[in-house]
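A short worksheet on the structure shown next.
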Amino acid sequence: MCSEHPKDWSKWLSLAEWWYNTSFHSATELTPYEVVYNQPPPVHLPYMPGETKVIGVDRTSQRRATMIQVLRFHLLWAQHRMKVMADRHRSDRVFCEGDWVWLKLQPYRQGTVQFRANHKLSPKFYGPFQILNRVGKVAYKLQLPPTVQIHHTFHVSQLKAFHGVLPVKPHIPAWLQGQDYTQDLVPEAILARRIVKKGPAAAVQWLVHWQGHPPEEATWHFTDEIEDRFPEFAQTV
């Protein structure tokens, strides 16, 4: 309230006190004004110059009305600026029943479910899935396989239109279906070795090539981890 006139902050303490006394308190379910006077606070009415004959009251009321206009201008400008910044990341997307879309998922890393070292390189969109119907204005219900363990309704921001030839079956991550990645990953060969720092000491890492996966998806792991999980494979290395 004092940004326009920093030296006048002390003159507006009464308005700050009024704001506090007329604000709703969740603990008492009332405003302090109602607690003291047993009635709701009066509604603020705009002041018209000349309504009072007291010069000091008239001058203070006019300055208060001017300050309220300044506050309203800055608040509206701040709202407009925040709306413009938020609209930069928004896009108008509307889908119809029967359309095919990609679904954006956030596979939060869980070591007990997913064994993946390059988690940041995992896909962001899965599917495609068909839209069953529209729920409200910004949500859609998708036809997901019965094995998935998430809700079938998603916000439009998580969907992207699919273009091209439909695959035989949609791409669904194993962690979404409750499958254990550690049961499927079997080491096939060691492609490379390197020495890295692990705490205060040095440790050896292996570039593991997994069975059923291309060499491009090989991942680095410490030797003790592979020896503990796959002792028979470690003996052949």
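What follows is calculated from the coordinates using simple rules that are stated; it is not laboratory data. These figures come from a predicted structure and were not determined experimentally. Ideal geometry is used to build each Cβ from the backbone, glycine not excepted, and the neighbour counts take in all protein chains shown.
Per-structure values
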read-out: Label-to-label distance, nm, for residues given as Q62 and A201 (7 Å Cα→Cβ offset); value: 8.3 nm
read-out: Net dipole in debye of segment 6-87 [+1 Lys, Arg Cβ; -1 Asp, Glu Cβ; about Cα centre; nearest 20]; value: 440 debye
read-out: Sites matching chymotrypsin sites (Phe, Trp or Tyr not before Pro) across segment 1-56 that sit in DSSP coil, with at most 13 neighbouring C-beta atoms within 10 Å; value: F24
read-out: Simple label model, 7 Å out from Cα along Cβ direction - K83 to T22, nm; value: 2.6 nm
read-out: Three-way shape label, the chain, alpha-carbon gyration tensor, a/c 1.5; value: prolate
read-out: Those lysines that a straight Cα-Cα span of less than 23 Å connects to K169, excepting residues fewer than 8 apart in one chain; value: K104, K124, K141, K160
read-out: Positive-end extreme of charge dipole, the chain - chosen from Y37, F222, G50 (charges on Cβ); value: G50
read-out: C-alpha long axis of helix 55-87 to longest principal axis of the chain, angle in °; value: 20 degrees
read-out: Of the trypsin sites (Lys or Arg not before Pro) in segment 1-107, those whose Cβ has at most 12 other Cβ within 10 Å and which sit in DSSP loop; value: K53, R88, R90
read-out: Relative contact order, percent, segment 1-110 [alpha-carbon distance under 8 Å, six or more residues apart]; value: 12 percent
read-out: Segment 185-236 shape via C-alpha gyration tensor axes, a/c threshold 1.5; value: oblate
read-out: CD proxy at 222 nm, helix term only [per DSSP H run n ≥ 4: -39500 (n - 2.57); per residue of the chain; nearest 500]; value: -8500 deg cm²/dmol
read-out: S10-Q235 pseudo-label distance in nm [points 7 Å out on the Cα-to-Cβ vector]; value: 8.8 nm
read-out: Linear extension gain, E29 paired with I150, 0.36 nm per residue minus alpha-carbon span; value: 39.7 nm
read-out: Cβ-placed point charges (K, R +1; D, E -1), dipole of the chain about Cα centre in debye, nearest 20; value: 980 debye
